[in-house]
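Note sheet for the following structure.
The values are calculated or read from the model by the stated rules, or taken from the named source; none is laboratory data. All values derive from a computational prediction rather than experimental measurement. In this analysis, Cβ positions are derived from the backbone assuming ideal geometry, glycine residues included, and neighbour counts consider all displayed protein chains.
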Amino acid sequence: MTVVRLLSVAVLLFVAVGCQQTREVPTVPEKVVGHCVYTNKFSEQQECRDYLGEWTDKAAMDDCKDQGAAVVLGVACGEQERLGYCFLGEGDKLTRIALLGGDAGKCASMQRGCELFGGGVFDPAPLCGGKVVDMGDTGLPTFQQPQLTCKDPKPGEPAGLSAGGQVCTWEMISGATEPGRSFMDYASCDRVRTQRPYYPVPPAEDATRADPRMNDPAYVAEVTWVKSQIESTACICCHSTRAPKGPSNWFVESPGNFINSFYPRGLAMGAGWINTVGFGAYRPEHNNGFSRASPERPTDSIFVTTDAVRIARFFEAELAHRGYKREDFANQPYGAGPLDTQLAYKPTACTGGEGVGADGTLTWRGGKARYVYVLEQGTTSPTVPPNLDLPEGTLWRIDVPSAGTPVESGKVRYGVVPTGMNQRFPEAGQPAALTSGKTYYLYVLADIIVPITRCTFTAP
């Protein structure tokens, strides 16, 4: 599951500040350009967005079209029962999104969606207490950690490459089964779909157009190879008609030439023109020979492949066919959206008593946690498995299993693993003792890629 519209929509852009740094509700411009009523593709909740200030009619129409609806110019959203507003943008051009509904139990997830995934400012309605609420409830499916699954080969297929002739596959968004086999036959897509927000998104316009290139045997052979590579990887879990709610943007069963269902940005990621290291990757020797962009090979394709050069060449040719050049994407240096933002995050000093106390007690704000890290100062912020969630400089990490109950602030002491949690690092024994007067990095997540506290503290 990779690319494109899935992480390009505003609901998934990640806020670049820590949760402890509250932003003020902006001054609302008087000018109302129009409004748009639509169903959020991710949350499946109805929303209404006002286009305020320096929006143009055309920009408002285009934005509303992207939401799958038609704009109403000249008037704002009507008063309806809502959980709050989410403000996007700043200055004289604002989008005010009314988060509709009457279930106060969704206040926390709406705030998180606005502030952490939307990069906006949440203004809660009286139903949500008119104040910032505990964001420990992510409103997302609990992230299922990768699992290596080994199965006997399907009848009629050759013996697998693993012990006993089995086929072993990592159930992870960057995982792949053996070349020529279907990922869906050997791994659980249900697990994979918890590892990235999934929802259906239409393909590129005119995706089913007649394509004369499909009369060229050499070209068809390359398209067939690319499709086979994708079908052997976890990308197929979302980019297929077999996905539970339909495909997310491009999909392998798209009639004619399935490559035509791609948007240009997805093609650029496939060519390696946009950096996609932030998605995470296995080393090929751990992934049936498949790899993709990684810190060691940052210009490789987003697609998990056995031949990085060949697949990049294919997508470069497709971009050239559509008239695009590398410089057309120069202003899009990174492709993983919130993952890139989190990876590049630089923490500020803890406030309000956050950190590790004299008795070793960890204190954080933002709600209950599934993942707790204590890191050396200057450590790269952790993000996603398999290669970016345990950065060098990690001193201690403890996890709550996916079926477990998240832990509250003040219930954890440094080096002591609470009941119901697992110590991920170090693998055994006690973590290195903290040095009095030295600065460390506290990193606490409600779930993978959902941080609630990221700040530095001085050991007492």
*asked:* Which of the numbered conditions does Thr95 fail, given that it passes all the others? Conditions: (1) modelled with pLDDT under 85; (2) of a type in the set (S, T, N, Q); (3) surrounded by 13 or more Cβ atoms within 10 Å (Cβ to Cβ).
replied: (1)
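So that you can scan it fast, the table gives a plain yes or no per residue for (1) buried (at least 24 other Cβ atoms within 10 Å of the Cβ); (2) in a helix (DSSP H, G or I); (3) in contact with a strand residue (DSSP E or B) (Cβ under 9 Å, 6 or more places away or on another chain); (4) assigned by TED's automatic domain parsing to the domain that holds Asp389:
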position: Val226; (1), (2), (3), (4): no, yes, yes, no
position: Gln229; (1), (2), (3), (4): no, yes, yes, no
position: Ser240; (1), (2), (3), (4): no, no, no, no
position: Lys245; (1), (2), (3), (4): no, no, no, no
position: Arg265; (1), (2), (3), (4): no, yes, no, no
position: Ala281; (1), (2), (3), (4): yes, no, yes, no
*Looking at (1) buried (at least 19 other Cβ atoms within 10 Å of the Cβ); (2) modelled with pLDDT under 95, find the lone condition where Ser409 falls short.*
(2)
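Would you check if Pro197 is within 23 Å of the chain's Cα centre (by Cα), closer than 26 Å to Arg322 by Cα and not aliphatic (A, V, I, L, M)? Please lay out each step first, then the result.
On the way: within 23 Å of the chain's Cα centre (by Cα): yes; closer than 26 Å to Arg322 by Cα: no; not aliphatic (A, V, I, L, M): yes.
No: the conditions fail for Pro197.
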*Could you say whether any residue in the range 368-391 is surrounded by 15 or more Cβ atoms within 10 Å (Cβ to Cβ), of a type outside the set (Val, Ile, Thr) and more than 30 Å from Ser291 (Cβ to Cβ)?*
yes
*Answer yes or no as to whether Gln145 is within 28 Å of the chain's Cα centre (by Cα) and at pLDDT below 95.*
no
_Looking at the structure I just gave you, is Leu395 over 26 Å from the mean Cα position of the chain (by Cα), modelled with pLDDT of 95 or more and part of a strand (DSSP E or B)?_
no
*From the list Gly78, Gly34, Gly84, pick out the single residue that is outside any helix (DSSP H, G or I) and surrounded by fewer than 21 Cβ atoms within 10 Å (Cβ to Cβ).*
Gly78
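Rundown of residues vs (1) modelled with pLDDT under 95; (2) assigned to a loop (DSSP other than H, G, I, E, B); (3) within 29 Å of Ala281 (Cα to Cα); (4) assigned by TED's automatic domain parsing to the domain that holds Gly280, yes/no style:
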site: Gly352; (1), (2), (3), (4): yes, yes, no, no
site: Leu362; (1), (2), (3), (4): no, no, no, no
site: Arg365; (1), (2), (3), (4): yes, yes, no, no
site: Val374; (1), (2), (3), (4): no, no, yes, no
site: Arg424; (1), (2), (3), (4): no, no, yes, no
site: Tyr443; (1), (2), (3), (4): no, no, yes, no
site: Ala446; (1), (2), (3), (4): yes, no, yes, no
